[in-house]
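Since the structure comes first, as structure tokens, the remarks are kept for the end.
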Amino acid sequence: MRRRAVITLLGGAAAAWPLAARAQQTERVRRIGILLPAAADDAEYQTRLAAFYQGLAQLGWTDGRNVSIDIRWATTNAAEIRRHAAELAALAPDVILAPAATTVGPLLQATRTVPIVFPGFVDPVGAGVVESLARPGGNATGFMNFEYSIGGKWLELLKEIAPGVTRVAVLRYADTPSGVGQFGIIQSVAPSLRVEVTPVNMRDAPEIERAVATFARASNGGLIVTASPLAQRHRDLIVTLAAQHKLPAVYFDRVFATAGGLISYGPDYIDQYRRAAGYVDRILKGEKPADLPVQAPTKYELVINLKTAKTQGLEIPPMLLARADEVIE
């Protein structure tokens, strides 16, 4: 075949390419980084991540087509989180998704230019991550886990499900403002419910075991587990200790109830991750995190483990059961 004929044939083939295919070839692939304080086999974080992917797909973003996603499973080890944060920042993605202070803090130390969206953060203002909820002002924004007032609700639920409780150990991570703040609200509500509250600092497993065992030596005790990545890391241990010492316990996340904990009340984290996809979409389309207000949760869920209640000899009030979003039997 002559050269001119070949050129004519190729030109005709190019003209026949579907317009969508040619547009796809020229479309710039955007990059999203994800930093998670969990192991890759963590079922709960896998579920949350799936919700984020679903939210992106609904907005027209598909991994491998018009967006490239780099996930780092950093576990809860602080050194690993810092290392992965530095690596992700060095890649200069268009935006990074990262939950909680344990991942957002190291990312902000690594970059003040790459946009960061957090799907859950207890107190971003108190932690210095944003200037205000309405005007974040920096390169990070996202969604709060809840307001501190929820701490009073945890104590009310504990008294409702176990009226005989007069002493409550509050497990907190005291090294963050949120740990102190959550305990402060619980402490302020305690006198009206005739309950004495005791803070229990969480740093490692042995400290948690000793503190709970010491607290359980006296009668009429209960537990409230406040929100922190450290509590998530030790959730199986905490649930086991509560069962071992027969302490009625209220948790901030449904994963504790599904793992055998008595009752949980907190935001719907699946919904939070889905909503976070919306902020990622807006940033990819040109908006600045500094101008996107930090939002509060819109969905909360109450989960009761009826099997655990029966094991502890607790009668769940019918009205409380009727309010539950999920009852585990």
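The values are calculated or read from the model by the stated rules, or taken from the named source; none is laboratory data. Since this is a predicted model, take the numbers as computed values, not measurements. Cβ atoms come from the backbone with ideal geometry, glycine included; neighbour counts cover every protein chain shown. For the accessible areas, the whole protein counts, side chains as well, though only heavy atoms, and no ligand, DNA or RNA atoms are used. Shrake-Rupley method; radii C 1.70, N 1.55, O 1.52, S 1.80 Å.
For the range 162-169, in order, what is each residue's ³J(HN,Hα) by Karplus, 6.51 cos²θ - 1.76 cosθ + 1.60 with θ = phi - 60°, in whole Hz (x at glycine and Pro)?
9, x, x, 5, 10, 10, 9, 8
Using θ = phi - 60° and the Karplus form 6.51 cos²θ - 1.76 cosθ + 1.60, what ³J(HN,Hα) does each residue of the range 63-68 get, whole Hz, x for Gly and Pro?
4, x, 10, 10, 8, 10
For labels at LEU91 and ALA78 in the simple 7 Å Cα→Cβ model, what's the distance in nm?
Simple spin-label model gives 2.5 nm for this pair.
Share of the range 162-225's accessible area from carbon and sulfur, percent, 1.4 Å?
Carbon-and-sulfur percentage of accessible area, whole number: 52.
Once phi is turned into θ = phi - 60°, what whole-Hz ³J(HN,Hα) does the Karplus curve with 6.51, -1.76 and 1.60 give for every residue of the range 104-112, x standing for Gly and Pro?
With coefficients 6.51, -1.76 and 1.60, one gets 5, x, x, 5, 5, 6, 8, 8, 10 Hz.
Comparing VAL280, VAL117, VAL67, which has the greatest mean-square fluctuation in the GNM of the chain with Cα pairs linked when under 10 Å apart?
Evaluated over the chain, the most mobile residue of the options is VAL67.
Give the calculated FRET efficiency between LYS307 and GLU147 to the nearest 0.05, with a Förster radius of 22 Å applied to their Cβ-Cβ distance.
The calculated FRET efficiency here is 0.10.
Just tell me which lysines come within less than 17 Å, Cα to Cα, of LYS299; anything on the same chain fewer than 8 places away is out.
LYS153
Please compute the length gained on full extension between ASN201 and GLU287, using 0.36 nm multiplied by the number of residues separating them and subtracting their Cα-Cα distance. Don't skip to the end; give the middle numbers.
Numbers: separation 86, 0.36 × 86 = 30.96 nm, distance 3.99 nm.
Stretched out fully, the ASN201 to GLU287 stretch lengthens by 27.0 nm.
Keeping all protein chains in the complex and leaving out DNA, RNA and ligands, what accessible area do you get for ILE69 with a 1.4 Å probe, in Å² to the nearest 10?
30
Name the long-range amide H neighbours of ASP268: under 5 Å, sequence gap of 5 or more, or other chain; modelled H, no Pro or chain starts.
LYS299, TYR300, GLU301
Would you please give the residues with an amide H less than 5 Å from that of GLY120, counting only those at least 5 places away or on a separate chain, with H modeled from the backbone geometry?
HN-HN under 5 Å from GLY120: ALA100, PHE143.
Kindly provide the helix-only [θ] at 222 nm of the chain, computed as the sum of -39,500 (n - 2.57) over DSSP H runs of four or more divided by all residues, to the nearest 500 deg cm²/dmol?
-13000 deg cm²/dmol
Can you give the net charge of the other residues whose Cβ lies under 14 Å from the Cβ of PHE215, counting K and R as +1 and D and E as -1?
Numbers: positive: ARG167, ARG172, ARG210, ARG217, LYS246; negative: GLU196, GLU207, GLU209.
Charge balance in the 14 Å sphere: +2.
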